[in-house]
Amino acid sequence: MIIGFIGAGKVGCTLAKYFSLCGMRIAGFYSRSYEHAKEASDFTHSQAYTSLADLVNDCDCLLVTVSDSQIATVWQELCLLPIANKWIGHCSGLLTSHIFSLHNIVHPFAFSLHPLYAIYDRFDCYKALSGVSFTLEANENVIHQLQTFLTPLKNPLAILPASKKVLYHAACVMLSNQVIALVQIGIDLLSQCGLNVEFSEQAWRLLFLENAKNICEVGVIDALTGPVERGDIETIKHHIMTMPVELKIIYQQLSAILLNISRTKHPSKDYRQLELELLP
């Protein structure tokens with residue numbers, strides 16, 4: 001199976017490099033920017049294509065690694081080419097394989113393959129992919145063939161129903177992008193405390209990393225600490241009073257979720273008074 005990539009950005013470069021290192025055959029890249037295609041092909045020791053038709057002709061499988069908003073446009077172009085027996089996939093966490101439809105009929109060899117990893121760089125992230133999990137979504141009639149095709153990757157691979165992709169993507173965003181927002185809130189609050197910037201950065205990074213490590217090692221329930229778990233109403237009152245107005249509701253909503261976890265951890269503990277305090 002020979003794979004061609006349409007789109008030479010972060011996802012395309014990373015997956016092509018990783019796939020090639022796993023022994024999969026990469027034809028090369030087609031991109032709106034030939035310069036990007038050339039950089040990606042040099043990086044993966046493959047070919048830069050000036051014609052989408054030539055890439056299609058050379059490949060058994062085409063991975064559309066453009067932004068979500070551009071996938072449908074690329075598909076319209078592919079529909080004008082001989083793709084009847086080609087595997088056509090994309091790597092969106094949100095969209096399903098059904099985007100590859102013509103006259104309301106989904107392409108029989110359509111699929112979506114999504115890595116649960118925040119790919120932030122074109123030429124470096126492939127080094128981390130050996131431990132990354134992937135989800136695969138496609139027509140159930142071709143799932144087994146796809147699993148066989150992806151065997152060289154050795155990565156954990158789960159089959160995801162198309163009906164669950166939006167919820168799945170929301171979960172991924174909560175576990176990656178939204179965490180960044182919480183970190184920024186913490187950094188901003190520390191900056192208002194008059195602490196030395198260098199001290200603050202060293203301090204919060206260790207706090208954040210060790211907590212993440214604990215969650216991964218012992219799980220959410222056992223890693224939980226803090227005023228919500230203790231039922232420390234007075235501390236939480238002080239936090240809410242001191243918190244900037246725009247952050248109070250975020251603090252209360254997150255604390256309410258922690259309260260539910262605390263109840264699981266301490267089923268005999270009475271959290272009713274604290275629950276009232278967290279009501280908006």
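Since residue 117 meets every condition but one in (1) surrounded by 14 or more Cβ atoms within 10 Å (Cβ to Cβ); (2) free of Cβ contacts under 8 Å to residues at least 24 places away in the same chain; (3) assigned to a helix (DSSP H, G or I), which condition does it not meet?
Exception for residue 117: condition (3).
Residue-by-condition table, conditions (1) surrounded by 14 or more Cβ atoms within 10 Å (Cβ to Cβ); (2) within 25 Å of the chain's Cα centre (by Cα):
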{"residue": "205", "(1), (2)": "no, yes"}
{"residue": "209", "(1), (2)": "no, yes"}
{"residue": "228", "(1), (2)": "yes, no"}
{"residue": "234", "(1), (2)": "no, no"}
{"residue": "264", "(1), (2)": "no, no"}
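Among the residues of the stretch 177-220, which ones are outside any helix (DSSP H, G or I) and either of a type in the set (A, V, I, L, M, F, W, C) or more than 21 Å from residue 249 (Cα to Cα) (or both)?
Scanning the stretch 177-220 gives 193, 194, 195, 196, 219.
For residue 159, indicate whether it is modelled with pLDDT of 95 or more, among the β-branched types (Val, Ile, Thr), in the same structural domain as residue 107 (by TED's automatic domain parsing) and surrounded by 10 or more Cβ atoms within 10 Å (Cβ to Cβ).
Details: modelled with pLDDT of 95 or more: yes; among the β-branched types (Val, Ile, Thr): yes; in the same structural domain as residue 107 (by TED's automatic domain parsing): yes; surrounded by 10 or more Cβ atoms within 10 Å (Cβ to Cβ): yes.
Judged against the criteria, residue 159 is a match.
Tell me which of these residue 114 doesn't satisfy, since it passes every other one: (1) under 21 Å from the mean Cα position of the chain (by Cα); (2) modelled with pLDDT under 95.
Of everything listed in (1) under 21 Å from the mean Cα position of the chain (by Cα); (2) modelled with pLDDT under 95, residue 114 misses just condition (2).
Here is a check on your reading of the model: is residue 92 assigned to a loop (DSSP other than H, G, I, E, B) and of a type in the set (S, T, N, Q)?
yes
If the requirement is being aliphatic (A, V, I, L, M) and loosely packed, with under 12 Cβ neighbours inside 10 Å, which of these qualifies: 181, 128?
Just a single option satisfies the conditions, and that option is 181.
Can you tell me which residue is nearest to residue 176 (Cα to Cα) among those in the stretch 108-121 that are of a type outside the set (Ser, Thr, Tyr) and in contact with a Ser or Thr (Cβ under 7 Å, 6 or more places away or on another chain)?
Going residue by residue through the stretch 108-121, those that are of a type outside the set (Ser, Thr, Tyr) are 108-111, 113-116, 118-119, 121.
Of the ones still in play, those that are also in contact with a Ser or Thr (Cβ under 7 Å, 6 or more places away or on another chain) are 110-111, 114, 116, 118-119.
Working: 110: 27, 111: 24, 114: 14, 116: 10, 118: 7, 119: 11 Å.
Within the stretch 108-121, the match that is nearest to residue 176 (Cα to Cα) is 118.
Name every residue in the stretch 19-55 that is out of contact with any Ser or Thr (no Cβ under 7 Å at 6 or more places or on another chain), in a helix (DSSP H, G or I) and surrounded by fewer than 22 Cβ atoms within 10 Å (Cβ to Cβ), in order of residue number.
Selection gives 19, 21, 35, 36, 38, 39, 42, 43, 52, 53, 54.
Test residue 246 against the criterion of being closer than 18 Å to residue 181 by Cβ and modelled with pLDDT under 95, and give yes or no.
Answer is yes for this residue.
The values are calculated or read from the model by the stated rules, or taken from the named source; none is laboratory data. These numbers come from a predicted model, not from an experiment. Please note: Cβ atoms are built from the backbone with ideal geometry, for glycine as well, and neighbour counts cover all protein chains shown.
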